[in-house]
Amino acid sequence: MFTLLILISSLLAHSTEMRNLREKTYTRDNTFCKIGDQRIQIQIRSLSSKTDQGEAKYGEYVFYYPKETPELLPLNQDHLNNFQLFHGKSSLCSKSLGYKISKDLMAVLFLKENGVDPDKLTIQLFNSKSLAPTSVIETEFVTSEAQETKDGFIFKTYNPLHRVEMGKIKIADQSFTYQDRSFYYWISYNQKGFEINPEKTFQESDIKDFFKTQSDFEKALGWDKKEKTFKNTNLYLAVNHEQKKQCVFLSEKKLTPTGSEPEWICR
């Protein structure tokens with residue numbers, strides 16, 4: 001009996017603490033997620049009442065409402081980072097991206113603020129039957145686009161360029177102006193984890209037209225079937241406006257191209 005009273009007292013204290021925290025914070029954004037008969041609300045909240053327009057949807061507290069009393073998600077329990085909802089259309093959430101991963105798991109996607117670089121993908125997993133939060137998956141992938149797949153989702157990512165390199169070179173005795181570009185690729189996520197998708201990467205690539213086939217594209221990018229990764233992801237684009245000609249060059253390491261590299265592909 002004494003143990004039961006302690007438990008009840010502890011639950012009441014926790015409930016009061018959550019309500020007090022909610023009253024001290026301000027709503028930045030919210031979404032409703034539903035799967036089957038289960039439905040929850042997720043809120044991004046902040047201690048600050050005012051913010052800049054660019055930070056309007058970010059907050060350090062991520063609440064969810066399994067019932068009337070709010071709870072903090074496992075996501076960002078230390079409150080050291082700012083998060084926003086990953087906005088977009090999905091079948092499971094009203095304003096953000098939520099995907100079914102399996103009969104037992106649902107993933108709700110968030111974006112972690114990343115300074116001057118694009119936000120990083122963070123995934124909060126939920127039990128599909130109870131919508132109780134389970135594990136958190138934090139990634140180093142920057143992204144702003146994701147789509148549903150039959151067993152999870154797929155998202156677009158790249159390695160941000162902190163300094164754009166530009167210059168003039170000659171390719172086959174013709175003058176070009178070149179600069180390096182970010183190489184965009186697509187990664188799928190399901191129960192097995194993360195995996196680069198070469199088919200989707202080719203289909204959506206900005207440099208797709210430089211290659212006759214997907215096989216040629218993968219060869220230029222140094223696709224490793226065993227490791228399932230691209231080796232040559234440093235992309236350089238050269239342009240000759242007078243000849244209306246463009247060339248691309250892909251390398252494993254960052255370098256300053258000379259134009260004499262045999263790997264240049266022109267059209």
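Highest GNM mean-square fluctuation among Thr256, Thr229, Thr143, for the chain modelled with Cα contacts below 10 Å: Thr256. Of the residues Thr157, Gln174, Leu109, the one whose Cα sits farthest towards the positive end of the charge dipole of the chain is Leu109 (charges of +1 on Lys and Arg Cβ, -1 on Asp and Glu Cβ, taken about the Cα centre).
Largest GNM mean-square fluctuation among Gly222, Gly59, Gly98, using the chain with Cα springs under 10 Å: Gly222.
Checking the cross-link pairs Lys156/Lys228; Lys103/Lys226; Lys103/Lys156; Lys34/Lys67; Lys192/Lys225; Lys200/Lys228 against a 22 Å limit on the alpha carbon distance flags Lys103/Lys226; Lys103/Lys156 as lying beyond it.
Per residue, the average separation of C-alpha pairs within less than 8 Å and at least 6 apart gives the stretch 107-192 a relative contact order of 20 percent. Compute the separation of the alpha-carbon centres of the stretch 154-182 and the stretch 128-152 and state it in Å as a whole number. Centre-to-centre distance over Cα atoms comes out at 32 Å.
Here the dipole of the chain is about 440 debye; that uses its Cα centre as origin and unit charges on the Cβ of Lys and Arg (positive) and Asp and Glu (negative). Charge dipole (Cα centre; +1 on Lys/Arg Cβ, -1 on Asp/Glu Cβ; no other charges) of the stretch 148-267 amounts to roughly 80 debye.
Converting phi to 3J(HN,Hα) with the Karplus coefficients 6.51, -1.76 and 1.60 and the offset θ = phi - 60°, the stretch 109-119 yields 9, 10, 10, 8, 4, 9, x, 7, 7, x, 5 Hz in sequence order, with x at every glycine or proline.
Over the stretch 10-143, Cα pairs under 8 Å with separation of 6+ residues give a relative contact order of 18 percent. Taken about its Cα centre, the stretch 186-232 carries a charge dipole of roughly 200 debye when the Cβ of each Lys and Arg holds +1 and the Cβ of each Asp and Glu holds -1. Note: relative contact order over the chain, using C-alpha pairs below 8 Å and six or more positions apart, is 10 percent. Around the amide H of Trp223, modelled in the peptide plane, lie the amide H atoms of Lys231, all under 5 Å away and 5 or more residues distant in sequence or on another chain.
Residue order for His87, His79, His241, fewest other beta carbons within 10 angstrom first, comes to His241, His79, His87. Which of the aspartates and glutamates could a cross-linker bridge to Lys208, judged by Cα under 18 Å and excluding same-chain residues fewer than eight apart? Cross-link targets: Asp180, Glu199, Asp216, Glu218, Glu263. Each residue of the stretch 248-253 is assigned a 3J(HN,Hα), and the resulting list reads 10, 9, 10, 9, 6, 10 Hz, derived from the Karplus form 6.51 cos²θ - 1.76 cosθ + 1.60 (θ = phi - 60°), x at Gly and Pro.
Any read-out appearing in this document is the output of simple, stated calculations on the displayed coordinates, not a laboratory observation. Owing to the predicted nature of the structure, the values given are computational and were not obtained by experimental measurement. Note that we place each Cβ from the backbone using ideal geometry, even for glycine, and neighbour counts take in every protein chain shown.
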